[in-house]
Structure formats: C-alpha cells, structure tokens
1. With +1 on each Lys and Arg Cβ and -1 on each Asp and Glu Cβ, how big is the dipole of the chain about its Cα centre, in debye rounded to the nearest 20?
2. Going by Cα centres, segment 11-30 and segment 36-82 are how many Å apart?
3. If each residue of separation counts as 0.36 nm, what is the full-extension length gain between E142 and E38 once their alpha-carbon separation is subtracted?
4. If Lys and Arg each add +1 and Asp and Glu each add -1, what is the summed charge of the other residues whose beta carbon sits under 15 Å from the beta carbon of I143?
5. Return a whole-number percent for the relative contact order of the chain, with Cα pairs under 8 Å and 6 or more residues apart as the contact set.
6. Using +1 at the C-beta of Lys and Arg and -1 at the C-beta of Asp and Glu, which of L140, V111, G70 has the Cα lying farthest in the positive direction of the dipole of the chain?
7. How do the peptides 30-39, 79-88 rank, highest first, by the average count of neighbouring beta carbon atoms within 10 Å per residue?
8. Quick one: among Y42, Y21, Y123, which has the greatest mean-square fluctuation in a GNM of the chain with alpha-carbon springs under 10 angstrom?
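What follows draws every value from the coordinates through simple rules; no lab data is involved. It should be emphasised that the depicted structure is a prediction, and the values quoted were computed from it without experimental measurement. Here the Cβ positions follow ideal geometry from the backbone for every residue, glycine too, while neighbour counts run over all protein chains shown.
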Amino acid sequence: MKIAIANDHAATELKFVIMDYLKELGHEVVNFGTDDNESCHYPEYGEKVGRAVVAGEADCGVLICGTGVGISIAANKVAGVRAAVCSDTATARLVKEHNNANIIAFGARIVGTELAKDIVKAYLDARFLGGRHQMRIDMLHEIEKRNV
Ligand code: RB5
C-alpha cells in the first residue's frame, strides 16, 4: 500500500521509526514532514495527509503528534477523512473494521515505540466489515454536507 505520513515536532523520531517499519512491511511511504525538532503547527501536517488520502494520492495515512489528538482533529476537518486516534491495538483493529478509518493517529508522548508499531500493524492487518457499518459511515459524511 501507499501510506502518507506526517507529524509535528513532538513526534519526529517516532515518525522515522514508523516509516522504517512500514517499509520493512513492504509499503511505500510518502512523507509530508516535519523532519526536524523545530516547533511547528500540527494543523498543517494533519491537513496535508488528509488531503493526500482524500485525493487518492495515498491509500491511507498515519499521523503522529504529542497526543495524536490535535493532528487528527486537523485531518478530520478535510471532507472524506475518518482519522482515529488509537493508543491500543484493539482500537486500531476496530477503527478499520467498523469505522473504515482512512487515517490512524497516535501520540508520541502517549505510546512507546513498540506499541506504536503494533498499533500500525493491527490497523493495516484489519479489514473493513461493511454491512451496517457502511450505513453509519455514510451518515458521518452526510454531516459534512450539512456544514456547507
Ligand atoms: C505540541 O506541543 C502538542 O501540543 C502537539 O504535539 C499535540 O499533542 C497536540 O494535540
């Protein structure tokens, strides 16, 4: 798969670890930065990955900031994004199975390196279950249409 990834300054080291891990798993990775520890603004990076995923430039996305929250909120402002913050592997599996999350997020200040890898793997290994879950996802995107 082609996977878009981005982070803020709180998560640069973990981002590079996750990039290497994704490549080891055989995925193509598109890095949207930031690549250093200078203070930056997570909304910019969440939006970049959100737009790349919705445009079909990537199959899914990985976002990392201090908590995973700010950067996922930013991505979720892009219509068509379903970004989910996960701090455990069960949630990472379920956000694919039930919510068909197209972006997974987590916090570099919340999860350790090995758990972060396991979260990514659980998400990538899971499959969307469809059925009643699709109807609910359609309802989510109906909310976006009511916002304009
Ligand atoms: C940056 O200090 C921090 O606020 C950010 O990484 C993130 O945790 C916000 O949700």
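1. With only Lys, Arg, Asp and Glu charged at Cβ, the dipole is about 640 debye.
2. 16 Å
3. Extra length from E142 to E38 when fully extended: 33.6 nm.
4. After counting each charged neighbour, the total is +2.
5. 23 percent
6. L140
7. 79-88, 30-39
8. Y21
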